[in-house]
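Q: Mind looking over this structure? Questions follow.
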Amino acid sequence: MIYKLGVFSLLLFGFGSLVLGQEVITVKGSDTMVILAQRWAERYMAAHPEVAVQVTGGGSGTGISALINGTTDVCNASRPMKNSERDKLKQRFGTRGIEIKCAQDGLSLYVNEANPISELTMQQIKDVYTGKIGNWKDVGGPNERLILYSRENNSGTYVYFKDNVLLGEDFAPTAQNMPGTAAVVNAVAKDKWGIGYGGAAYGKGIREVKVKKDAVSPGYTPTFENIKSGNYPIARYLYMYVKNRPAGTMKEYIDWILGDEGQKIVSEVGYFPIR
Amino acid sequence: MNKLSPFFASVVCCLHLSTFAQGVEPASKEELEELKSVVEGERESAMEYRGYVDALRKIKISGYMQTQFRLTDLNGGTAQFSGGNFPANTNKMFQVRRARLKIAYDNVLTQFVVELDAIQTGVTMKDAYLSVIEPWTQSFGFQMGVFYRPFGYEMSFSSGSRETPEQSRMYQTLFPGERDLGVKLFYSPQIGPFSFLRAELGIFNGSGPASNEFDNFKDVIGQVVTQFPLDELNAAVDLGLSGYLGNVRNATKFLWTNGESAPGTKGFVLDSSATNLGDGAPRRYVGLDVQLYYDVPVLGGLVVRGEYITGRQPGTSTAPTPAGPNGTSQTTISPAAQATGPVYQRDFAGWYVNLVQNIGNDNQVIVKYDVYDPNTFVTATDFVSGNNLSVADIKYSTLGFGFIHHWDGNVKFVFYYEIPKNEKLTSSTIAGTSPLAPFVGDVKDNVFTFRVQYKF
């Protein structure tokens, strides 16, 4: 009985996963990384027509959930995986997942071009986003109400900002959660007294504020040099996660991303290469 | 109407903008101001709706259903630890083993959770708890209600994720229902230098999830878990140490403990001290669990889990169908209600090793071997008439193996075959009419399970 059932199982399911034709790599996760991931995919597919790379966003949390559920091959994340997420991956796939640092990002603070503020300290940013400061005059600007733009809580950018800038404190309830960093940029561009945060790649068309570690430190913008030197205080890695050690087409794709061509695209999009 | 207004306003805006862009009729300053106020109004409406959406996103609904077909060797077969016994005249049956619906309101640092199980025999509550995490380090918190007891690994490994259809025999015996009513404190940092550590300590009724408390004894349960990631080796090791310190009220003055009932005859000895009435019979467990993870090239993740639990268990049954409220099991279960008979104290030990090899993303092969000895003081040759040993004292080992195919992110098919082996008693000392007579040989209780699970 067992033998027959085993044969039946193999016939029914064992080979059901074989897919003929073009090899498909699915990528899902961080909205911050979605443009970068699309550029990688476009260039790679142009050079490797036998491979299809499908990229979607949704946020780092959504991407990690998809990796755990087995509905994506690669997860893009703008924050490291949490322990609880690693545990779920271990339960389902027996691995902690492979973490691949693929780019660096300086998280920018955006203000409207008409806003005279040019720099903020980390403490001021924290006070602004936790609601302790509600008026631009308290940070050296005009007597105007601060309008806060933030991200949704499934965003890795949101989590990173909360953990590293707000030091775990909650966002002010007046902060408006936007569905993507592009939406934050658009909102700030239209709102003279708005302030937002997000990846440097989305910083076109609005002005970045210099960030100071403290009141006596000089202010820095998120340039490659400032991030590499550690002077810019809100810098982070961008990650790719896969379930198992990459092999075959997947390995070739990841090696290509970490190679000269992939890292060149990192710079083109506005992020910083890892080497 | 309110819901439609943003749409109509957007259309109006687009028409205005379109006209403006085409330069057919340049908008006046007043028209632009009007347009600006419309846009501003709609933006405020959108923000309001976003607030509603954000609030709704905190409500999380999940669940899973396990429907299965099982087959055993004999009509009316005993398969208590393989998903339930078979009715008389039946050796094959369909079942809805579990149909869980979990609703959580997750406010990041506070949580409300209720989980129900609806199957063919009725609806029961599985989880109902709240949890609060402090906002400063977000590492400490407490949980209160009915939830998994913080002991070992397999206890809190969701049956929706577990590869084998059922828990090992020792867990089903020692912790029926897995959960209990109580409160626990926990330390579980998600990031930072101590994120490898998790500690939990709780106090519980001790009577399990399906009943109200019946004595004043409360049980203390705790565990410490450490994780050692070995990323360079594509591996990881997790270790856990657990303890259980509890008591069960003795409703009689009779307390049976392991000893020699006659010189050279191992069994139980009776203590009939009047002070035993209402006293607490100790319930003491200590457990060690290990999980090894290794990413096997080409194949996928390999998991080896092992767990060992030993201690002292107060039970009540000395016969296959004991009288009283605890007469639901042939083994020394933890009490679900006040015992009416004398308490039997047994020193026990149990362990299991479970191997899971992933094959690609969709397939898994499982092998599991578990052993449970409910009374380590005695062996098969000690079963003689007059020393009060019963089926509750028989040691079991169970070999199981199976195959899982994950159809997609929701559906999985499980094929599992389980071979329980009881220790064989000596025929010369067991009367043919004794309830122990079937255990002179290996009882025919192998079970095949085909399960389909849908999880969302």
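The values are calculated or read from the model by the stated rules, or taken from the named source; none is laboratory data. Predicted model only: the values in this text are computed from it and were never measured. Cβ: placed from backbone, ideal geometry, glycine included. Neighbour counts: every protein chain shown.
Q: Just one of B:N410, B:N358, B:N387 is exposed (fewer than 15 other Cβ atoms within 10 Å of the Cβ) and among the polar types (S, T, N, Q); which is it?
A: Working: B:N358 fails: exposed (fewer than 15 other Cβ atoms within 10 Å of the Cβ); B:N387 fails: exposed (fewer than 15 other Cβ atoms within 10 Å of the Cβ).
Exactly one of B:N410, B:N358, B:N387 is exposed (fewer than 15 other Cβ atoms within 10 Å of the Cβ) and among the polar types (S, T, N, Q), namely B:N410.
Q: Going by the conditions given, is A:A235 among the aliphatic types (A, V, I, L, M) and surrounded by fewer than 17 Cβ atoms within 10 Å (Cβ to Cβ)?
A: Working: among the aliphatic types (A, V, I, L, M): yes; surrounded by fewer than 17 Cβ atoms within 10 Å (Cβ to Cβ): no.
No.
Q: With the condition kept exactly as written, say whether any residue in the stretch B:207-227 is closer than 21 Å to B:F112 by Cβ, acidic (D, E) and assigned by TED's automatic domain parsing to the domain that holds B:I366. Working first, answer last.
A: Step one: filter the stretch B:207-227 for residues closer than 21 Å to B:F112 by Cβ, giving B:209.
From what's left, acidic (D, E): none.
Checking the stretch B:207-227: not a single residue is closer than 21 Å to B:F112 by Cβ, acidic (D, E) and assigned by TED's automatic domain parsing to the domain that holds B:I366.
Q: Report yes if A:K90 is closer than 30 Å to A:W40 by Cα and either crowded, with 16+ Cβ neighbours inside 10 Å or of a type in the set (F, W, Y) (or both), otherwise no. Don't jump to the end; show me each part of the working.
A: Numbers: closer than 30 Å to A:W40 by Cα: yes; either crowded, with 16+ Cβ neighbours inside 10 Å or of a type in the set (F, W, Y) (or both): yes.
Judged against the criteria, A:K90 is a match.
Q: Among the residues of the stretch A:79-96 satisfying the criterion of being of a type outside the set (D, E, K, R) and more than 7 Å from chain B (Cβ to nearest Cβ), which is farthest from A:R151 (Cα to Cα)? Can you show your working first?
A: Looking only at the stretch A:79-96, we keep the residues that are of a type outside the set (D, E, K, R), and these are A:80-81, A:83-84, A:89, A:91, A:93-95.
Retained after the next criterion (residues that are more than 7 Å from chain B (Cβ to nearest Cβ)): A:80-81, A:89.
Values: A:P80: 17, A:M81: 18, A:L89: 26 Å.
Filtering the stretch A:79-96 for residues that are of a type outside the set (D, E, K, R) and more than 7 Å from chain B (Cβ to nearest Cβ), the one farthest from A:R151 (Cα to Cα) comes out as A:L89.
Q: Which fully enclosed strands (runs of 3 or more DSSP E) of the stretch B:167-269 have 3 or more residues being more than 22 Å from B:Y344 (Cα to Cα) and either without any contact (Cβ under 8 Å) to a residue 12 or more places away in the chain or within 12 Å of chain A (Cβ to nearest Cβ) (or both)? Can you show your working first?
A: On the way: elements: B:179-187, B:197-204, B:219-230, B:235-249, B:255-262.
Result: B:219-230, B:235-249.
Q: Look through the stretch A:148-164, keep the residues that are farther than 11 Å from A:Y197 by Cα, touching a helix residue (DSSP H, G or I) at 6+ places or on another chain (Cβ under 8 Å) and not small (G, A, S), and return whichever of them is modelled with the lowest pLDDT.
A: Per the stated criteria, the residue is A:N154.
Q: Being crowded, with 16+ Cβ neighbours inside 10 Å, assigned to a loop (DSSP other than H, G, I, E, B) and small (G, A, S), is that true of even one residue in the stretch B:55-72? Give the derivation first.
A: The initial filter retains those residues of the stretch B:55-72 that are crowded, with 16+ Cβ neighbours inside 10 Å, namely B:63-68, B:70-72.
From what's left, assigned to a loop (DSSP other than H, G, I, E, B): none.
No, because not a single residue in the stretch B:55-72 is crowded, with 16+ Cβ neighbours inside 10 Å, assigned to a loop (DSSP other than H, G, I, E, B) and small (G, A, S).
Q: A:T95: in contact (Cβ under 8 Å) with a residue 60 or more places away in the chain, out of contact with any Leu (no Cβ under 9 Å at 6 or more places or on another chain) and of a type outside the set (F, W, Y), yes or no?
A: Numbers: in contact (Cβ under 8 Å) with a residue 60 or more places away in the chain: yes; out of contact with any Leu (no Cβ under 9 Å at 6 or more places or on another chain): no; of a type outside the set (F, W, Y): yes.
In short, no.
Q: Residues to consider are A:D31, A:D105; find the one that is modelled with pLDDT under 90, touching a Leu at 6+ places or on another chain (Cβ under 6 Å) and within 25 Å of A:M178 (Cβ to Cβ). Working first, answer last.
A: Details: A:D31 fails: touching a Leu at 6+ places or on another chain (Cβ under 6 Å).
Criteria check complete, one pass: A:D105.
Q: Take the residues in the stretch B:143-166 that are of a type in the set (A, V, I, L, M) and part of a strand (DSSP E or B); name whichever of them is farthest from B:Y416 (Cα to Cα). Give the steps one after another, and end with the answer.
A: Let us first name the residues in the stretch B:143-166 that are of a type in the set (A, V, I, L, M), namely B:144, B:146, B:155.
So of that shortlist, the ones also part of a strand (DSSP E or B) come out as B:144, B:146.
Numbers: B:M144: 36, B:V146: 31 Å.
Within the stretch B:143-166, the match that is farthest from B:Y416 (Cα to Cα) is B:M144.
Q: Kindly indicate whether B:P320 is within 28 Å of B:V384 (Cβ to Cβ), assigned to a strand (DSSP E or B) and modelled with pLDDT under 95.
A: Working: within 28 Å of B:V384 (Cβ to Cβ): yes; assigned to a strand (DSSP E or B): no; modelled with pLDDT under 95: yes.
No.
Q: Read through the list (1) at the interface with chain B (Cβ under 9 Å from one of its Cβ atoms); (2) more than 23 Å from A:I25 (Cβ to Cβ), then give the number of the only condition that A:L107 fails.
A: A:L107 satisfies every listed condition except (1).
Q: Please tell me if A:C102 is surrounded by 22 or more Cβ atoms within 10 Å (Cβ to Cβ), within 14 Å of chain B (Cβ to nearest Cβ) and among the hydrophobic types (A, V, I, L, M, F, W, C).
A: On the way: surrounded by 22 or more Cβ atoms within 10 Å (Cβ to Cβ): yes; within 14 Å of chain B (Cβ to nearest Cβ): no; among the hydrophobic types (A, V, I, L, M, F, W, C): yes.
No: the conditions fail for A:C102.
Results for (1) assigned to a helix (DSSP H, G or I); (2) away from chain A (no Cβ under 14 Å), shown as yes or no for each residue.
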| residue | (1), (2) |
| --- | --- |
| B:D408 | no, no |
| B:V414 | no, no |
| B:Y417 | no, no |
| B:P420 | no, yes |
| B:K424 | no, yes |
| B:S428 | yes, yes |
| B:S434 | no, yes |
| B:V443 | no, yes |
| B:T449 | no, no |
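Q: Moving on. Which residue out of B:V290, B:V303 is crowded, with 22+ Cβ neighbours inside 10 Å, within 22 Å of B:Y352 (Cα to Cα), modelled with pLDDT of 90 or more and within 14 Å of chain A (Cβ to nearest Cβ)? I'd like the intermediate steps shown before the answer.
A: On the way: B:V290 fails: crowded, with 22+ Cβ neighbours inside 10 Å.
Among B:V290, B:V303, only B:V303 is crowded, with 22+ Cβ neighbours inside 10 Å, within 22 Å of B:Y352 (Cα to Cα), modelled with pLDDT of 90 or more and within 14 Å of chain A (Cβ to nearest Cβ).
Q: Surrounded by fewer than 18 Cβ atoms within 10 Å (Cβ to Cβ) and in contact (Cβ under 8 Å) with a residue 24 or more places away in the chain: does that describe B:V296?
A: Details: surrounded by fewer than 18 Cβ atoms within 10 Å (Cβ to Cβ): yes; in contact (Cβ under 8 Å) with a residue 24 or more places away in the chain: yes.
Answer is yes for this residue.
Q: While we're looking at this one, here's another question. For the subset of the stretch A:49-87 comprising residues that are of a type in the set (S, T, Y) and out of contact with any Leu (no Cβ under 6 Å at 6 or more places or on another chain), which member is surrounded by the most Cβ atoms within 10 Å (Cβ to Cβ)? Show your work before the answer.
A: Here is the first cut: in the stretch A:49-87, the residues of a type in the set (S, T, Y) are A:56, A:60, A:62, A:65, A:71-72, A:78, A:84.
Next, from what is left, pick out any that are out of contact with any Leu (no Cβ under 6 Å at 6 or more places or on another chain): A:56, A:60, A:62, A:65, A:71-72, A:84.
On the way: A:T56: 17, A:S60: 32, A:T62: 22, A:S65: 20, A:T71: 15, A:T72: 26, A:S84: 10.
Per the criteria, the residue is A:S60.
Q: Suppose we keep only residues that are within 14 Å of another protein chain (Cβ to nearest Cβ) and among the aromatic types (F, W, Y) within the stretch B:109-147. Which one would you say is farthest from A:V165 (Cα to Cα)?
A: So the first thing to find is which residues in the stretch B:109-147 are within 14 Å of another protein chain (Cβ to nearest Cβ), and the list is B:109-111, B:131, B:133-141.
If we keep only those that are among the aromatic types (F, W, Y) as well, we get B:136, B:140.
Working: B:W136: 14, B:F140: 21 Å.
Step by step, filter the stretch B:109-147, then rank; the result is B:F140.
Q: Okay, moving on. Within the stretch B:399-421, can you find the residues that are β-branched (V, I, T) and out of contact with any Gly (no Cβ under 8 Å at 6 or more places or on another chain)? Full working, then the answer.
A: Kept after step one, since they are β-branched (V, I, T), are these residues of the stretch B:399-421: B:404, B:411, B:414, B:419.
Once the filter is applied, which keeps residues that are β-branched (V, I, T) and out of contact with any Gly (no Cβ under 8 Å at 6 or more places or on another chain), the stretch B:399-421 yields B:I404, B:V411.
Q: Looking only at the stretch A:239-256, count how many residues are part of a helix (DSSP H, G or I) and away from chain B (no Cβ under 12 Å). Before the answer, list the steps.
A: Here is the first cut: in the stretch A:239-256, the residues part of a helix (DSSP H, G or I) are A:248-256.
Still in the list and also away from chain B (no Cβ under 12 Å): A:249, A:252-256.
The qualifying residues number 6.
Q: Test of understanding: among A:E144, A:E152, which residue is among the acidic types (D, E) and either more than 11 Å from every other protein chain (Cβ to nearest Cβ) or farther than 21 Å from B:L109 by Cα (or both)?
A: On the way: A:E152 fails: either more than 11 Å from every other protein chain (Cβ to nearest Cβ) or farther than 21 Å from B:L109 by Cα (or both).
One residue alone meets the criteria, A:E144.
Q: Out of all the residues in the stretch A:222-252, which are out of contact with any Gly (no Cβ under 9 Å at 6 or more places or on another chain) and either modelled with pLDDT of 95 or more or closer than 30 Å to B:P297 by Cα (or both)?
A: Passing the criteria: A:Y237, A:R245, A:P246, A:A247, A:G248, A:T249, A:M250, A:K251, A:E252.
Q: Which residues, counting only those in the stretch A:157-173, are more than 18 Å from B:D106 (Cβ to Cβ) and touching a Gly at 6+ places or on another chain (Cβ under 8 Å)?
A: A:T157, A:A172
Q: Name the pairs: first residue in the stretch B:354-376 and at the interface with chain A (Cβ under 8 Å from one of its Cβ atoms), second residue crowded, with 17+ Cβ neighbours inside 10 Å and polar (S, T, N, Q), Cβ to Cβ under 6 Å, at least 6 apart or on different chains?
A: Partner pairs satisfying both residue conditions: B:V356/B:Q364; B:N358/B:Q364.
Q: Assuming A:V165 fulfils every condition listed in (1) within 13 Å of chain B (Cβ to nearest Cβ); (2) among the β-branched types (V, I, T); (3) buried (at least 19 other Cβ atoms within 10 Å of the Cβ); (4) closer than 24 Å to A:K137 by Cα apart from one, which condition is it?
A: The single condition A:V165 does not satisfy is (1).
Q: Take the residues of the stretch B:109-142 that are without any contact (Cβ under 8 Å) to a residue 12 or more places away in the chain and either part of a strand (DSSP E or B) or under 30 Å from B:F196 (Cβ atoms) (or both): which is farthest from the chain's Cα centre (by Cα)? Walk me through it before giving the result.
A: Initially, the stretch B:109-142 is screened for residues without any contact (Cβ under 8 Å) to a residue 12 or more places away in the chain, giving B:121-123, B:136.
With the extra rule that they be either part of a strand (DSSP E or B) or under 30 Å from B:F196 (Cβ atoms) (or both), the set shrinks to B:122-123, B:136.
On the way: B:G122: 19, B:V123: 17, B:W136: 31 Å.
The qualifying residue farthest from the chain's Cα centre (by Cα) is B:W136.
Q: Let me ask something else about it. Among what's in the stretch B:82-108 and is in a loop (DSSP other than H, G, I, E, B) and of a type in the set (S, T, Y), pick the residue that is surrounded by the most Cβ atoms within 10 Å (Cβ to Cβ). Explain how you work it out, then say what you get.
A: Of all residues in the stretch B:82-108, those in a loop (DSSP other than H, G, I, E, B) come to B:82-91, B:107-108.
Imposing the further condition that a residue be of a type in the set (S, T, Y) reduces the set to B:82, B:90.
Numbers: B:S82: 26, B:T90: 14.
Filtering first and then ranking leaves B:S82.
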